[in-house]
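One structure is given below, encoded as structure tokens.
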């Protein structure tokens with residue numbers, strides 16, 4: 001992957017899973033990753049399939065996967081990595097975020113100081 005260390009990036013397992021999902025969804029062009037206000041810890045991650053690319057989106061392409069991240073969300077995702085976990089407890093995307101000072105038990109909500 002060609003992103004620098006301060007950018008949002010995908011793990012190999014996340015890239016493979018995103019590519020599989022996009023291949024199964026004919027109208028989808030990319031997975032959009034956003035950070036929104038809310039959740040039990042102050043901010044929350046949102047994942048959506050999209051066919052719309054914004055002019056200021058960071059475009060991440062890896063192993064057949066395409067991910068869009070808007071500039072506002074990038075402020076909260078600098079240095080973070082999207083990972084995909086498939087275990088006995090279930091399969092899900094998880095964000096490993098070095099600027100998150102705490103997160104909720106479900107892993108979709110976080111806070112920063």
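We did not get these values from a lab; they are worked out from the coordinates using the rules stated. On a predicted model such as this, the values are computed, not experimentally measured, just so you know. Every residue, glycine among them, receives a Cβ derived from its backbone with ideal geometry; neighbour counts consider all protein chains shown.
Things to note:
- Site pair residue 24 and residue 52 shows an inter-label distance of 2.5 nm when each label is modelled 7 Å from Cα along Cα→Cβ.
- Normalised size of the range 9-105, defined as Cα radius of gyration per 2.2 N^0.38 Å with N residues, equals 1.06.
- Segment residue 89-residue 59, extension gain: residue separation times 0.36 nm, minus the distance between their alpha carbons: 7.7 nm
- Relative to its residue count, the range 49-104 spans a Cα convex hull of 121 Å³ per residue.
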